[in-house]
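Quick notes on the structure that follows.
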Amino acid sequence: MGSAPVAASILAIGELAPGRIALELRAPSLVAGIRPGHALHLVRAEAGGYRLRRVAPVTKVDPLRGSVEVALQPRADGGSDSLSESRLGETLTLVGPIGRAISLDAKGSNLLLVSDTEGFAWLRLLAASAVASGRSVVFIQEAQSAHDLAPASLLPEQVELVVATADGSLGHAGVGADLIARYASWADQAFAAGSAALLAGAYDAGIARTGVDRVAANVGARDGGAKRGSWMQLLLAHEIGCGSGVCGGCTLPARSGDLRLCREGPAVPMSEFRSGGGA
């Protein structure tokens, strides 16, 4: 868990993809500590003294404006809450950063990112950070149709964007995992974020690339080289309660023991997964 609560005013309201709201908030004290993979707790005061609290991945950092952009994640039941009704100039409370920053291999120069519309928010900052550090990035984005894709303009122009749509309306007709094999030998590291189906497909592609024996050999070193060295990491979006690891609400079983996503996640090496992308 990071800083004390910070009052942040909303500078802009945008959209990452249809129905996916992004909020830019002024929070200069948080900017320097944000890294790819981090999220923030957004807290909004409600009527009757109730305080709505939601986890939102950080999608962009702007040091010149002293701002961070976060994406409002859909609820598990597919509904929305009052955060989606936030207005320009309104003040929210931010708590964080939450989670462990994504670790990049210092010797790696080629990154493969795979997401659906849901997972795009978790990987956008990583793509920008990787390009800024001189790395090459291929970003595979899948969606139900071309209409559902996050626009290419949200990524640095140096990123090679590869598209898969289930209905075949743009790019590859199918899912993103179908395309991983094309870049598996090129990529030094891979990261996947999105639905359970996407993570399962990415997991299977990662096993095919690395071999079961190699993955099994990585098991058991949560905080050491095995975790950092795993070729593919899966970002697990999960409702996080306290954000400090105390409540256990974001705990998932893994091969080396229980993982608290607010502390050891959200990026988890595929070696921690039991099978088919499920921890």
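Just so you know, all these numbers are worked out from the coordinates, no wet-lab data involved. Being a predicted model, the structure only gives us computed values, none of them experimental. A quick note on method: Cβ atoms are made from the backbone with ideal geometry, for glycine too, and the neighbour counts reach across all protein chains shown.
In terms of the Cα gyration tensor, with a ≥ b ≥ c the square roots of its eigenvalues, is region 107-219 rounded because a/c is under 1.5, prolate because a/b exceeds b/c, or oblate? It is oblate, given that a/c is not under 1.5 and a/b is not larger than b/c.
The packing ranking, built from the mean of other Cβ atoms within 10 Å per residue, places the peptides 126-132, 185-191, 109-115 in the order 109-115, 126-132, 185-191, highest first.
By the count of other C-beta atoms within 10 Å, a proxy for reagent exposure, Cys247, Cys262 are ordered fewest to most as Cys247, Cys262. Our coupling estimate for region 13-18, obtained by passing each phi through the Karplus curve with A = 6.51, B = -1.76, C = 1.60 and θ = phi - 60°, is 10, x, 9, 7, 7, x Hz, Gly and Pro reported as x. Close amide H contacts of Gln189 (hydrogens built in the peptide plane, cut-off under 5 Å, sequence separation of 5 or more or a different chain): Asn110, Leu112. Couplings for region 194-205, taken from phi via the Karplus curve 6.51 cos²θ - 1.76 cosθ + 1.60 with θ = phi - 60°, read x, 5, 4, 5, 5, 5, 5, x, 5, 4, 4, 5 Hz in order; Gly and Pro are left as x. Under the combined filter of DSSP loop state and at most 12 neighbouring Cβ atoms within 10 Å, region 108-192 retains these GluC sites (Glu not before Pro): Glu157. When each of the peptides 162-175, 54-67 is scored by how many other beta carbons lie within 10 Å of its residues on average, the order from highest to lowest is 54-67, 162-175. Can you tell me how region 55-176 classifies by the Cα gyration tensor, rounded, prolate or oblate, using a/c under 1.5 as the rounded cut? Oblate is the answer for region 55-176, as a/c is 1.5 or above yet b/c matches or exceeds a/b.
The label point for Leu88 and the one for Cys247, both projected 7 Å from the Cα toward the Cβ, are 3.4 nm apart.
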